Amino acid sequence: QVQLVESGGDLVQPGGSLRLSCAASGNIFSINHMGWYRQAPGKQRELVAQVSSDGRTNYADSVKGRFTISRDNAKNTLYLQMNSLKPEDAAVYYCNAQSKMWSYWGQGTQVTVSS
């Protein structure tokens with residue numbers, strides 16, 4: 001089992017920045033890919049960014065150049081640096097960890113982008 005706890009969500013003005021964190025615990029050695037997803041009201045959950053165990057990253061087109069995903073293996077923590085935030089970035093952001101057999105989710109953290 002892997003437990004994931006997100007933090008860092010907040011209300012921010014358009015153009016502002018936030019950094020989300022996801023602390024992983026449990027059987028972390030089984031984790032391969034980790035990523036951030038988001039879900040806005042009335043919309044499906046979508047991939048925002050993903051990082052593999054070898055450091056390769058993948059981003060949704062809508063966040064390329066603005067968001068950066070990083071993984072601190074020493075601290076068992078995943079980050080998402082979000083810059084130049086737009087109102088359409090507002091959503092609940094979820095941390096995800098994948099092993100060979102399982103997919104784990106955090107409880108989510110709310111990001112609101114509004115003036």
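The values are calculated or read from the model by the stated rules, or taken from the named source; none is laboratory data. No experiment lies behind these values; they were computed from the predicted model shown. Backbone-built Cβ (ideal geometry, glycine too); neighbour counts: all protein chains shown. The protein model used for the area step is the full one, side chains on, heavy atoms only, and it has no ligands, DNA or RNA in it. Shrake-Rupley method; radii C 1.70, N 1.55, O 1.52, S 1.80 Å.
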Condition check for Ser103: over 21 Å from Gly16 (Cβ atoms), of a type in the set (S, T, N, Q) and without any contact (Cβ under 8 Å) to a residue 12 or more places away in the chain: yes
If Tyr93 meets every condition in (1) more than 12 Å from the chain's Cα centre (by Cα); (2) in contact (Cβ under 8 Å) with a residue 24 or more places away in the chain apart from one, which number is that one? (1)
Identify the residue in the stretch 100-110 that is within 11 Å of the chain's Cα centre (by Cα) and either β-branched (Val, Ile, Thr) or part of a loop (DSSP other than H, G, I, E, B) (or both) and, among all such residues, is surrounded by the fewest Cβ atoms within 10 Å (Cβ to Cβ). Gly108
Boolean, Arg71 is modelled with pLDDT of 95 or more and within 15 Å of the chain's Cα centre (by Cα): no
Counting just the residues of the stretch 1-58 that are open to solvent by 60 Å² or more (accessible area, probe 1.4 Å), acidic (Asp, Glu) and under 15 Å from the mean Cα position of the chain (by Cα), which one comes out nearest to Thr77 (Cα to Cα)? Asp10
So the check is Cβ under 9 Å with 6+ separation or different chains; which pairs have a first residue in the stretch 6-32 that's more than 24 Å from Asp54 (Cβ to Cβ) and a second one that's loosely packed, with under 15 Cβ neighbours inside 10 Å and of a type outside the set (S, T, N, Q)? Gly8/Arg19; Pro14/Lys86; Pro14/Pro87; Gly15/Lys86; Leu18/Asp10
Against the conditions (1) farther than 15 Å from Leu47 by Cα; (2) modelled with pLDDT of 95 or more; (3) polar (S, T, N, Q), where does Asn76 fall short? Just the number, please. (2)
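Condition check ((1) over 13 Å from Gly9 (Cα atoms); (2) touching a Cys at 6+ places or on another chain (Cβ under 7 Å); (3) in a loop (DSSP other than H, G, I, E, B)) across all residues:
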| position | (1), (2), (3) |
| --- | --- |
| Ser62 | yes, no, yes |
| Gly65 | yes, no, yes |
| Thr68 | yes, no, no |
| Lys75 | yes, no, yes |
| Tyr79 | no, no, no |
| Leu85 | no, no, yes |
